[in-house]
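None of the figures in this text is laboratory data; all of them are computed from the coordinates on show. Because the structure is a prediction, the values reported are computed rather than measured. Cβ placement follows ideal geometry from the backbone for every residue including glycine, while neighbour counts extend to all protein chains displayed.
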Amino acid sequence: MDVTKNVAELSVMLRSLRSSFACFPIRPPTPHPPPQKKASRGDPDREAKAWLDKLTEVDADRRGYIKLAAKGRLSEAELEVELAELDETRETAQSELATI
């Protein structure tokens, strides 16, 4: 009997909820414009230098993290996380250099 009563109460609550949403119009989602490709990148030499500088920075950071781990100031797990981030940055920089 309690289950039947609970189901009936839920049914009433659902109808009430449904009717309260009826006043809101259903609109299709707003379309987002497609991402635009970079039409002009600017000075290719300056961009290449910036990405080469980034690669140099990644190499220096990598050496620093390895030294910290060797001294015991960085755990192996922390080292793996930092090196993975640096690998992503390196891949991005190399990819950008290839497109210039």
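Numbers for the structure displayed
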{"read-out": "For region 42-100, size of Cβ-based charge dipole, Lys and Arg +1, Asp and Glu -1, in debye", "value": "360 debye"}
{"read-out": "Segment E88-N6, length gained on full extension (0.36 nm per residue, minus Cα span)", "value": "24.0 nm"}
{"read-out": "Fewest-first sequence of T92, T4 by Cβ atoms within 10 Å of each Cβ", "value": "T4, T92"}
